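**Q** Pasting a structure below so you can have a look.
The values are calculated or read from the model by the stated rules, or taken from the named source; none is laboratory data. Fair warning: this is a prediction, and the values are worked out from it, not measured in the lab. Cβ sites come from the backbone with ideal geometry, for glycine too, and all protein chains shown count toward neighbours. When the accessible area is computed, the model is the full protein with side chains, heavy atoms only, and any ligands, DNA or RNA have been set aside. Shrake-Rupley method; radii C 1.70, N 1.55, O 1.52, S 1.80 Å.
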Amino acid sequence: MESLETMYQNIGIDKKVLELGTEVEASLRDRFEKIDRTAEYNQLKVLHAMQKNRVAEAHFSGSTGYGYNDLGRETLEAVYADVFHAEAALVRPQITCGTHALNVALAANLRPGDELLSPVGKPYDTLEEVIGIRESKGSLKEFGITYAQADLKPDGSFDFEAIEGRLNDRTKLATIQRSKGYASRPTLSVSRIGELISFLKEKKPDIICMVDNCYGEFSEETEPTEVGADMCVGSLIKNPGGGLAPCGGYIVGKEACIEQAAYRLSSPGLGKEVGASLGLNQTLFQGFFLAPTVTAGAIKGAIFAASVYERLGFPVYPSSDTARHDIIQAVDLGSPEALKAFCLGIQAAAPVDSFVTPEPWPMPGYDSDVIMAAGAFIQGSSIELSADGPLKPPYTVFFQGGLTYCHAKTGILFSVQKMLDKNVISF
Ligand SMILES: *Cc1c(COP(=O)(O)O)cnc(C)c1O
């Protein structure tokens with residue numbers, strides 16, 4: 001049998017890179033243990049919900065056509081609702097992605113003349129077109145729904161005075177993004193989200209609070225629906241799909257909000273009753289069952305990346321000792337060569353398309369070229385190991401995912417290896 005060191009060498013990682021990784025890993029033992037505890041807690045939460053709802057083999061057969069009386073689909077939604085401590089859920093492969101889920105939740109619960117408020121600054125890029133911050137066909141703006149925003153203070157705290165100033169008679173819904181996404185602000189913890197929701201509801205008791213939960217699920221032991229959120233929304237090709245869901249999105253929360261969302265997703269008069277599960281039920285159940293440990297692996301990978309790159313002298317966000325509320329890690333690499341080498345390493349570590357070289361390209365909607373590395377089983381899945389960044393100073397790479405911690409670790413070691421090979425770092 002070959003040693004672990006030889007196994008790493010066979011795949012292309014030098015002894016000194018592995019040694020750096022081993023040293024870093026040893027320093028993270030306590031943090032990793034805490035993350036494993038969170039995973040254990042969340043595993044029990046999901047398991048209990050599955051047992052309580054009496055998940056059975058019969059739920060794995062799919063429906064076709066209209067999808068009436070799809071017991072598996074209904075049970076999956078009951079399981080999601082229980083895990084999120086919510087009244088109801090919509091979990092559907094017909095929700096194409098996170099942006100779609102957010103659009104459905106917003107468009108379903110807003111009416112012409114209403115105003116949408118973001119009390120946490122600029123929302124995720126794709127939401128700009130949903131809302132109409134950037135002109136777009138079919139935006140909320142086209143339907144006479146206006147938008148107001150209160151930015152976070154420079155230190156990342158809530159600007160309560162500005163938020164109160166933006167509230168008015170027409171304010172119907174507040175959209176709160178949990179993860180920093182690809183912005184530079186800190187990610188919000190569930191307890192901070194709770195604080196914000198309490199403030200909003202105190203000032204305006206009938207306001208609907210929606211949380212964009214993308215990348216945040218299972219990073220803590222509670223979800224925003226437990227601290228007053230009326231809706232939580234996310235993508236199944238991120239954390240809650242556990243890497244198995246081939247597509248889909250979810251909206252969980254208050255019965256009244258979910259009912260509106262269902263009528264918007266399908267049609268007035270039809271709502272939740274339609275939507276064939278097409279044989280995906282078993283995969284969505286199994287992915288959700290795995291999601292707590294898959295998310296924990298991705299978070300450990302992010303902390304490992306932060307710690308490795310801190311040691312190599314790069315600015316990292318968040319720092320390796322910061323508490324985590326999502327799976328994203330950013331590193332300022334400082335040069336286009338370093339960014340390209342990093343992405344080459346992530347690509348080389350992939351189980352799929354490991355032999356291709358990621359190249360920067362002018363992606364629509366971006367003001368500079370963007371480079372992306374991903375070799376995923378599910379197209380675009382960012383719970384799988386992936387990295388991307390715009391080719392402009394400070395040449396920040398955003399790294400996320402890894403279906404297992406071992407794979408995330410290998411990806412990071414590969415990125416270091418490629419940076420050594422290209423002479424952008426030395427040690
Ligand atoms: C990924 C993401 C979205 C959009 O999801 P897509 O599946 O890419 O459409 C929205 N908000 C946040 C915070 C995200 O991370």
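**Q** Say we look at region 260-274 and pick out the residues that are of a type outside the set (A, V, I, L, M, F, W, C) and either outside the structural domain of H100 (by TED's automatic domain parsing) or in a helix (DSSP H, G or I) (or both); which of these is most open to solvent (accessible area, probe 1.4 Å)? Let's see the steps before the verdict.
**A** Here is the first cut: in region 260-274, the ones of a type outside the set (A, V, I, L, M, F, W, C) are 260, 263-264, 266-269, 271-273.
Now narrow it down to the ones that are either outside the structural domain of H100 (by TED's automatic domain parsing) or in a helix (DSSP H, G or I) (or both): 260, 263-264, 271-273.
Details: Q260: 71, Y263: 85, R264: 122, G271: 3, K272: 63, E273: 103 Å².
Filtering region 260-274 for residues that are of a type outside the set (A, V, I, L, M, F, W, C) and either outside the structural domain of H100 (by TED's automatic domain parsing) or in a helix (DSSP H, G or I) (or both), the one most open to solvent (accessible area, probe 1.4 Å) comes out as R264.
**Q** If a residue has to be surrounded by 18 or more Cβ atoms within 10 Å (Cβ to Cβ) and either of a type outside the set (S, T, Y) or at positive phi (or both) to count, how many in region 134-147 make the cut?
**A** Summing the residues that are surrounded by 18 or more Cβ atoms within 10 Å (Cβ to Cβ) and either of a type outside the set (S, T, Y) or at positive phi (or both) in region 134-147 gives 3.
**Q** Now, a different point. Among the residues of region 185-206, is any at pLDDT 95 or above, within 25 Å of I378 (Cα to Cα), assigned to a loop (DSSP other than H, G, I, E, B) and within 13 Å of the ligand (Cβ to nearest atom)?
**A** For region 185-206, residues at pLDDT 95 or above, within 25 Å of I378 (Cα to Cα), assigned to a loop (DSSP other than H, G, I, E, B) and within 13 Å of the ligand (Cβ to nearest atom): absent.
**Q** Further question on the same structure: Restricting attention to region 62-78, does a residue exist that is open to solvent by less than 50 Å² (accessible area, probe 1.4 Å) and within 16 Å of the ligand (Cβ to nearest atom)? Give the steps one after another, and end with the answer.
**A** Of region 62-78, the ones open to solvent by less than 50 Å² (accessible area, probe 1.4 Å) are 62-63, 67, 70, 72-73, 75-78.
Checking the rest, the ones that are also within 16 Å of the ligand (Cβ to nearest atom) come to none.
So far as region 62-78 goes, no, none of its residues is open to solvent by less than 50 Å² (accessible area, probe 1.4 Å) and within 16 Å of the ligand (Cβ to nearest atom).
**Q** Any chance region 346-369 includes a residue that's within 13 Å of the ligand (Cβ to nearest atom) and open to solvent by less than 20 Å² (accessible area, probe 1.4 Å)?
**A** No, region 346-369 contains no residue that is within 13 Å of the ligand (Cβ to nearest atom) and open to solvent by less than 20 Å² (accessible area, probe 1.4 Å).
Every residue, every condition in (1) touching a residue at least 60 places away in the same chain (Cβ under 8 Å); (2) open to solvent by 10 Å² or more (accessible area, probe 1.4 Å); (3) not in a strand (DSSP E or B), yes or no:
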residue: L173; (1), (2), (3): yes, no, no
residue: E217; (1), (2), (3): yes, no, yes
residue: I258; (1), (2), (3): yes, no, yes
residue: G279; (1), (2), (3): yes, yes, yes
residue: T283; (1), (2), (3): no, yes, yes
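**Q** Same structure again: In region 175-193, what count of residues is obtained for those that are open to solvent by 10 Å² or more (accessible area, probe 1.4 Å), farther than 24 Å from T146 by Cβ and of a type outside the set (S, T, N, Q)?
**A** 4
**Q** Only one of these conditions is not met by S235: (1) under 30 Å from S386 (Cβ atoms); (2) open to solvent by 10 Å² or more (accessible area, probe 1.4 Å). Which number is it?
**A** Only one criterion in (1) under 30 Å from S386 (Cβ atoms); (2) open to solvent by 10 Å² or more (accessible area, probe 1.4 Å) is unmet by S235, namely (2).
**Q** Something else: Assuming A81 fulfils every condition listed in (1) under 24 Å from the mean Cα position of the chain (by Cα); (2) open to solvent by 70 Å² or more (accessible area, probe 1.4 Å) apart from one, which condition is it?
**A** Among (1) under 24 Å from the mean Cα position of the chain (by Cα); (2) open to solvent by 70 Å² or more (accessible area, probe 1.4 Å), A81 violates only (2).
**Q** If you don't mind, there's one more thing I want to ask. Under 6 Å by Cβ, and 6 or more places apart or on different chains, what pairs join a residue from region 67-89 that is assigned to a strand (DSSP E or B) with one that is open to solvent by less than 30 Å² (accessible area, probe 1.4 Å) and among the charged types (D, E, K, R)?
**A** A89/E77
Okay, residues lined up against (1) touching a residue at least 40 places away in the same chain (Cβ under 8 Å); (2) within 18 Å of L413 (Cβ to Cβ); (3) touching a Pro at 6+ places or on another chain (Cβ under 8 Å):
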residue	(1), (2), (3)
S320	yes, yes, no
D332	yes, no, yes
T357	no, no, no
M372	no, no, yes
G375	no, yes, yes
S386	yes, yes, no
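**Q** Which one is nearest to L244 (Cα to Cα) among residues in region 93-119 that are part of a strand (DSSP E or B) and within 16 Å of the ligand (Cβ to nearest atom)?
**A** Filtering region 93-119 for residues that are part of a strand (DSSP E or B) and within 16 Å of the ligand (Cβ to nearest atom), the one nearest to L244 (Cα to Cα) comes out as S118.
**Q** Is it true that some residue in region 285-293 is surrounded by 18 or more Cβ atoms within 10 Å (Cβ to Cβ), away from the ligand (no atom under 16 Å from the Cβ), more than 23 Å from the chain's Cα centre (by Cα) and not in a loop (DSSP other than H, G, I, E, B)?
**A** Checking region 285-293: not a single residue is surrounded by 18 or more Cβ atoms within 10 Å (Cβ to Cβ), away from the ligand (no atom under 16 Å from the Cβ), more than 23 Å from the chain's Cα centre (by Cα) and not in a loop (DSSP other than H, G, I, E, B).
**Q** Follow-up question, since we're still on this one. Would you tally the residues in region 10-44 being of a type in the set (K, R) and either out of contact with any helix residue (DSSP H, G or I) (no Cβ under 9 Å at 6 or more places or on another chain) or not assigned by TED's automatic domain parsing to the domain that holds S307 (or both)?
**A** 3
**Q** If V55 satisfies all but one of (1) in a helix (DSSP H, G or I); (2) closer than 25 Å to A296 by Cα, what's the number of the condition it fails?
**A** Result: V55 passes all but (1).
**Q** What number of residues within region 301-334 satisfy the criterion of being open to solvent by 30 Å² or more (accessible area, probe 1.4 Å) and either away from the ligand (no atom under 16 Å from the Cβ) or assigned to a strand (DSSP E or B) (or both)?
**A** Going through region 301-334 one residue at a time, the tally reaches 12.
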